[in-house]
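To keep things clear, I will list the structure first and then write my remarks on it.
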Amino acid sequence: MNCPLTGAILDRRQERTRQALRQAFIALVAERRYEDIAVTDIVERANVGKSTFYEHFRSKDELLSSLMDRMLRDLADAARGELEAGKLHFLMDHFWANRRLGRVVFGKSLAPTIRRRLAAMIEQPGNGTGAPDGTPSPRSVLTASGQVGLLHSWLSGECVATPEEMAATLASGWSQ
């Protein structure tokens with residue numbers, strides 16, 4: 001695995017450290033609001049030094065991104081109609097199985113971070129829809145906001161649907 005900061009290949013010890021940081025972060029997100037979590041809290045929970053944290057991640061936002069990027073890429077692909085139905089269904093099953101954590105991730109405190117990242121991923125490089133500085137287009141922001149809001153409502157029980165129904169909604173709802 002390559003390190004996102006240096007591009008170097010990570011050894012097993014480094015990967016174990018990254019995994020400890022991720023697990024500590026996940027546990028803290030389930031207990032507290034995102035804004036109330038400091039890097040100090042993460043390193044204490046993971047039992048590593050602060051400098052070790054910064055060898056792997058620039059910030060807690062980057063740590064969150066490392067955990068969510070694959071799933072957000074899949075949601076972005078679904079928004080553009082480029083994700084196969086089976087993958088989207090698998091992702092919805094995953095979200096449903098982990099809905100307690102999903103309610104936090106797509107909830108009030110993390111939603112702005114997740115929405116910004118997802119909107120940026122929905123933009124395809126070179127398609128001319130975003131601003132020259134890389135700011136996503138209104139359509140991408142609207143799509144990301146809709147996905148994040150819908151997922152939070154579903155995982156919170158505000159709307160009732162099976163994972164299959166959610167996958168179908170996400171696959172078709174944004175292109176219409």
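For this structure, a couple of remarks:
- Here T52 fulfils each of the conditions (1) in contact (Cβ under 8 Å) with a residue 24 or more places away in the chain; (2) not assigned by TED's automatic domain parsing to the domain that holds Y34 apart from (2).
- Extreme residue, surrounded by the fewest Cβ atoms within 10 Å (Cβ to Cβ), among residues of region 13-30 that are over 18 Å from the mean Cα position of the chain (by Cα) and basic (K, R): R13
- Check on V43, part of a helix (DSSP H, G or I), in contact (Cβ under 8 Å) with a residue 24 or more places away in the chain and crowded, with 16+ Cβ neighbours inside 10 Å: no
- On inspection, A111 fails the criterion of being surrounded by 13 or more Cβ atoms within 10 Å (Cβ to Cβ), at pLDDT below 95 and more than 30 Å from L21 (Cα to Cα).
- Criterion applied to E62, E35 was being within 19 Å of the chain's Cα centre (by Cα), at pLDDT 85 or above and among the charged types (D, E, K, R), and the one residue passing it is E62.
- Filter result (in contact (Cβ under 8 Å) with a residue 40 or more places away in the chain and under 12 Å from the mean Cα position of the chain (by Cα)) within region 70-90: L72, R73, L75, A76
- Positions within region 78-102 being within 27 Å of Y34 (Cα to Cα), part of a helix (DSSP H, G or I) and out of contact with any helix residue (DSSP H, G or I) (no Cβ under 8 Å at 6 or more places or on another chain), in sequence order: F90, A97
- Residue list for region 99-108, filter: within 13 Å of the chain's Cα centre (by Cα) and either among the charged types (D, E, K, R) or exposed (fewer than 15 other Cβ atoms within 10 Å of the Cβ) (or both): R103
The values are calculated or read from the model by the stated rules, or taken from the named source; none is laboratory data. All values reported here derive from a predicted model rather than from experimental measurement. Here the Cβ is made from the backbone with ideal geometry for all residues, glycine too, and neighbour counts use every protein chain on show.
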